[in-house]
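Enquirer: Quick one: structure below, then a few questions.
The values are calculated or read from the model by the stated rules, or taken from the named source; none is laboratory data. Note that the coordinates shown come from a computational prediction; the quantities given were computed from them, not determined experimentally. Methodologically, a virtual Cβ is constructed for each residue, glycine included, from the backbone with ideal geometry; neighbour enumeration extends over all protein chains shown. Calculation scope for accessible area: heavy atoms of the full protein, side chains included, ligands and nucleic acids excluded. Shrake-Rupley method; radii C 1.70, N 1.55, O 1.52, S 1.80 Å.
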Amino acid sequence: MSYYAVLVCIPLSICVAFLIHWYTLRPIQNSKNRLEVSRGTYLGFSIQILLFAFLLFYLGGSVFLAPVFAIIFSFLGDWFNLQFPIALKNNGEPLIGGIVSFAMAQLFYISAFFQILPWSMLYSGIVPYLLSLSFLILTGVIFYFRVYEPKRSKPIMISALIYGLLLSFFVSLTANAYIQFGGVWLFLLLGGLFFIASDAIMGETTINGTRHPVWEYQVPWITYLLAQGLLLIGFFLVSHTKMVH
């Protein structure tokens with residue numbers, strides 16, 4: 001248990017620091033203004049997650065390489081999604097860069113998953129297929145009713161849907177793995193669910209472009225930080241368990 005506590009300590013401290021930062025934003029009641037004063041802080045949190053990934057790579061070896069690349073692309077996606085002035089100047093719609101970067105991150109997460117648990121071991125009956133299909137269908141329904149906005153550019157809408165399907169497929173993998181094997185796979189499942197929560201909220205606010213609640217960036221970011229921390233811990237533990245056994 002103490003071993004888990006040490007791993008959890010770093011991402012937990014990042015999330016606590018974020019909550020303190022969030023508390024200081026109370027006087028600012030406009031989401032755009034909040035983003036303007038928080039960009040550097042959020043990129044700093046993203047760098048901390050990246051350093052955590054490098055630390056686990058140092059401890060876990062080459063088996064942990066794919067999750068590190070996932071975090072690298074996630075960091076790039078964070079830079080685009082934070083809409084720094086230089087990104088807006090060079091790219092009229094930086095959100096596309098963010099979506100593509102996170103799609104690459106999900107591909108690396110999926111690759112990391114199958115390096116540890118082959119398809120044949122996971123999809124051994126009809127139930128895992130049905131579960132994955134349910135995740136994909138649910139993603140399509142949420143996208144159509146909560147994210148899709150016909151006035152937004154088609155590249156954003158199409159790339160967001162493709163990304164959502166990639167993410168939901170990855171999370172369905174973690175759900176199937178936990179149902180079948182339990183144990184430390186729970187970290188990956190929880191990380192995946194927090195990731196879906198983060199991107200679903202961002203999808204119906206920032207991606208949709210017509211809804212801008214005051215917490216538009218804070219709720220997606222706290223759930224995102226939790227997601228990345230849990231995923232990194234989960235991949236480290238399941239890969240370590242595989243190496244040991």
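Enquirer: Gly209 fails exactly one of the following numbered conditions: (1) of a type outside the set (S, T, N, Q); (2) under 16 Å from Gly98 (Cα atoms); (3) not in a loop (DSSP other than H, G, I, E, B). What is the number of that condition?
Expert: So the condition that Gly209 fails would be (3).
Enquirer: I've got another one for you. Return a yes/no flag: does segment 161-176 have any residue that is free of Cβ contacts under 8 Å to residues at least 24 places away in the same chain and open to solvent by 20 Å² or more (accessible area, probe 1.4 Å).
Expert: Yes, segment 161-176 has at least one match.
Enquirer: Out of all the residues in segment 1-55, which are touching a residue at least 60 places away in the same chain (Cβ under 8 Å), open to solvent by less than 60 Å² (accessible area, probe 1.4 Å) and among the charged types (D, E, K, R)?
Expert: Matches in segment 1-55: Arg34 only.
Enquirer: Okay, moving on. Answer yes or no as to whether Phe69 is at pLDDT 95 or above, touching a helix residue (DSSP H, G or I) at 6+ places or on another chain (Cβ under 6 Å), open to solvent by 60 Å² or more (accessible area, probe 1.4 Å) and under 20 Å from Gln115 (Cβ atoms).
Expert: In short, yes.
Enquirer: Identify, please: which residue in segment 50-107 is farther than 26 Å from Ser168 by Cα and among the aromatic types (Phe, Trp, Tyr) and is, among those, nearest to the chain's Cα centre (by Cα)?
Expert: Phe84
Enquirer: Testing Gly183 on (1) open to solvent by 40 Å² or more (accessible area, probe 1.4 Å); (2) touching a residue at least 60 places away in the same chain (Cβ under 8 Å); (3) on the phi > 0 side of the Ramachandran plot, one condition comes back false. Which one is that?
Expert: If we test Gly183 against (1) open to solvent by 40 Å² or more (accessible area, probe 1.4 Å); (2) touching a residue at least 60 places away in the same chain (Cβ under 8 Å); (3) on the phi > 0 side of the Ramachandran plot, just (2) comes out false.
Enquirer: Any idea how many residues of segment 90-132 are open to solvent by 30 Å² or more (accessible area, probe 1.4 Å) and under 25 Å from Ile158 (Cα atoms)?
Expert: 13
Enquirer: Next question, about the same structure. Kindly provide the set of residues from segment 207-216 that are surrounded by fewer than 22 Cβ atoms within 10 Å (Cβ to Cβ) and of a type in the set (Val, Ile, Thr), ordered by number.
Expert: Answer for segment 207-216, where residues must be surrounded by fewer than 22 Cβ atoms within 10 Å (Cβ to Cβ) and of a type in the set (Val, Ile, Thr): Thr210, Val214.
Enquirer: Among the residues of segment 51-74, are any hydrophobic (A, V, I, L, M, F, W, C), under 26 Å from Ala17 (Cα atoms) and not in a helix (DSSP H, G or I)?
Expert: no
Enquirer: Can Ile158 be described as among the aliphatic types (A, V, I, L, M), open to solvent by 80 Å² or more (accessible area, probe 1.4 Å), in a helix (DSSP H, G or I) and farther than 24 Å from Leu232 by Cα?
Expert: Against the criterion (among the aliphatic types (A, V, I, L, M), open to solvent by 80 Å² or more (accessible area, probe 1.4 Å), in a helix (DSSP H, G or I) and farther than 24 Å from Leu232 by Cα), Ile158 qualifies.
Enquirer: Could I ask something else about it? Could you say which residue among Ala17, Ala87 is closer than 25 Å to Ser159 by Cβ, part of a helix (DSSP H, G or I) and of a type in the set (Gly, Ala, Ser)?
Expert: When all the criteria are applied, what remains is Ala87.
Enquirer: Condition test on Val219, is it out of contact with any strand residue (DSSP E or B) (no Cβ under 8 Å at 6 or more places or on another chain), open to solvent by less than 30 Å² (accessible area, probe 1.4 Å) and β-branched (Val, Ile, Thr)?
Expert: No: the conditions fail for Val219.
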